[in-house]
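To keep things clear, I will list the structure first and then write my remarks on it.
The values are calculated or read from the model by the stated rules, or taken from the named source; none is laboratory data. Model, not experiment: these values are computed from the prediction. Quick reminder, even Gly has a Cβ in these numbers, built from the backbone with ideal geometry, and neighbours come from all protein chains shown.
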């Protein structure tokens, strides 16, 4: 779809809710609903998103209706911190500040059926962190993910079941060198496609001086949703393992320029911390 014909990328209710927390981890519900209205969302899907996030242990609601407020739980704060590290890694890589050490990390586990929830937690954490399965219960990544796995799947689960190894070569049918290994396991076309909604949103949105504060908040949320869509599908492989020039890097630079403009002209929504695009860290830890 061309940028001229693309519909605005509407943020999900969850994105709106999570964007409204202040640095102390609280969000007045009247503010949440007002921001949602600014991006074309009615109260009902927002209430459903709040219930789902509460059921997932991300937040708790205090009070009812527009006079109530939302409070991030410890789990919610941990997830927010993880998102910040993903963004920092992406921009550190783009700036050449996170070179690959040439090691492949292997993660394997065998969890008894009676502990299925722990097995599922390990699988989900490895997948979220960009690792790919080589065989049942065996995953690979060019990144050291141990600290993040401990956070996401719990130290007890990792300590009880996970076996790790490092290798300088990872080969198989049709892939014999690092670049072909990366392309076989993490196809570049899939990652590039994940950035298409962000490229379309950047082309479609106007940041001119005529845009009011509420309009810019709506633009920020649409861009944040598209950026999240891309980052959740990007394994963030080291640049040495991707073709050059790498289109997602250029799109992230365009996002950085737009985000800097918006950040200077809108209220300090907490989502600005998660999408701080400076290369503040060169690793996930």
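Looking only at helices (runs of 4 or more DSSP H) that fall completely inside the stretch 15-109, which ones have 3 or more residues that are closer than 25 Å to residue 252 by Cβ and in contact (Cβ under 8 Å) with a residue 40 or more places away in the chain? Walk me through how you get there before you give the answer.
Details: elements: 29-38, 43-55, 74-94.
By residue number, 74-94.
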Query raised in the report: How many residues are over 18 Å from residue 224 (Cα atoms), at pLDDT 90 or above and within 23 Å of the chain's Cα centre (by Cα) if we restrict to the stretch 1-46?
Result: 1
Query raised in the report: Just one of the numbered conditions (1) within 21 Å of residue 27 (Cβ to Cβ); (2) modelled with pLDDT of 75 or more; (3) part of a loop (DSSP other than H, G, I, E, B) is not true of residue 228; which one?
Result: (3)
Report task. Read through the list (1) within 25 Å of residue 126 (Cα to Cα); (2) at pLDDT 85 or above, then give the number of the only condition that residue 277 fails. Result -> (2)
Report task. Filter the stretch 195-225 for residues that are modelled with pLDDT of 90 or more and either surrounded by fewer than 17 Cβ atoms within 10 Å (Cβ to Cβ) or touching a strand residue (DSSP E or B) at 6+ places or on another chain (Cβ under 6 Å) (or both) and give the result. Result -> 196, 203
